[in-house]
1. Want the number for V263 to Q121: 0.36 nm per residue separation, take away the alpha-carbon distance, what's left?
2. Out of I94, I76, I63, any idea which swings most in a Gaussian network model of the chain, alpha carbons joined below 10 Å?
3. Take the Cα atoms of the stretch 137-190, find their three principal axes, and give me the spread along each one in whole Å, biggest first.
4. Cut-off under 14 Å on the C-alpha distance; same-chain residues fewer than 8 positions from K6 excluded. Which aspartates and glutamates are left, in chain and number order?
5. Put +1 on the Cβ of every Lys and Arg and -1 on every Asp and Glu Cβ in the stretch 35-98; which of L81, A46, S65 then has its Cα farthest towards the positive end of the dipole?
6. Please give the peptides 280-289, 187-196 ranked by average Cβ packing (other Cβ atoms within 10 Å per residue), highest first, as a rough proxy for protection.
7. As a test of the formula, what do you get for the chain when each DSSP H run with n ≥ 4 contributes -39,500 (n - 2.57) and the sum is divided by the residue count, at 222 nm and rounded to the nearest 500 deg cm²/dmol?
8. Would you mind pulling out the separation of the Cα centroids of the stretch 25-69 and the stretch 127-183, in Å?
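Here, each number is a calculation from the coordinates, and none is a lab measurement. The model shown is predicted, which means the values in this text are computed figures rather than measured ones. Cβ sites come from the backbone with ideal geometry, for glycine too, and all protein chains shown count toward neighbours.
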Amino acid sequence: MSIRTKVNLAMVRRHAEEIRAKTGVDLIPVLKADAYGLGAVAVADAISDLSSGWYVFRPSEAIESRLWDMTGRSTIAAVVLPEDEPQQLLANHIRPGVWDAAGAARYAICDPVLCVDTGMQRFACPIEKINEMRSRAPIAEAFTHAVKREQAELFRQALGGSGLRMHAAGSALLDEPGAWLDAVRPGLALYHDAVRVSARLVQAHDTRGTVGYGGFSCQRVGVILLGYSNGMRVGPCVVNGRRQQVMEVGMQSSYVSLDASDVCGDEVVLLGDGLSPGEVARSWGCSAQQALLTIARMGEKVYE
Ligand SMILES: *Cc1c(COP(=O)(O)O)cnc(C)c1O
């Protein structure tokens, strides 16, 4: 194949160790969307001893990855729907996020986790409903999806002293000690610098006049076999250690700007070699998580 995706599990492990050492609280790694494209099974296996439990979006993610059988750690599933049977969650050690009284009552046997709204207004209960929720089910743990310090503070004020285990911080709040509470719940911070994705140049040549559909100008161009059908977009890349640009994206191939010495067969690095998900994201106009997920999923993964 012309695309190579290398996942450095030792780097994920190093990030997990550093986050634990820095915060001194429990670590709940976020494994949703196949661990942002890195592979949930491989990531869970690499850091299970550092994890106090996992977080995914839907129960099916924990079931398909067999997280309980593999690691002996339970999983918080953020969103449960009517088709998710309490008995099935129980059997798989999945603790559902709950945010309304009906959900709390239905999943009372599953050690549910209360999700509290501090501004996100999605899959979360308003602070004034917390007591009603707690009257419907035995609730031992609560979290909020916070991306700002004030949101974590609101959560702490609402539930501090309640005796519940509390967590608020994803990657965005790892530098805010006030948001660490009883556990942190990072995704991106575990995975950055852990993926290198490259594609081989299948063509490389000097240009005559403008190039491609849109007619862009460039002294020398190459072509890679990744296009918008693979999630490719115009943005930065690295060829032979130098920053280049993905100039134009077709359905299954893209043009890349090249230096005079770059030749067919050379690697075009889309992530790694100093090119971070954040830098790609700025150019793509999306989040670093989205850039990482999109690029990590383009090819078959090799673990190292
Ligand atoms: C995805 C998610 C996270 C992790 O977000 P990062 O910014 O990637 O660390 C944390 N908490 C919740 C509720 C999430 O949905």
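1. 46.0 nm
2. Most flexible of the set in this elastic network: I63.
3. Projected onto its principal axes, the Cα set of the stretch 137-190 covers 32, 20, 14 Å.
4. Qualifying aspartates and glutamates at Cα under 14 Å: D193, E267, D273, E300, E304.
5. Working it through, the farthest residue towards the positive pole turns out to be A46.
6. 187-196, 280-289
7. Calculated from helices alone, the mean residue ellipticity at 222 nm is -7500 deg cm²/dmol.
8. 21 Å
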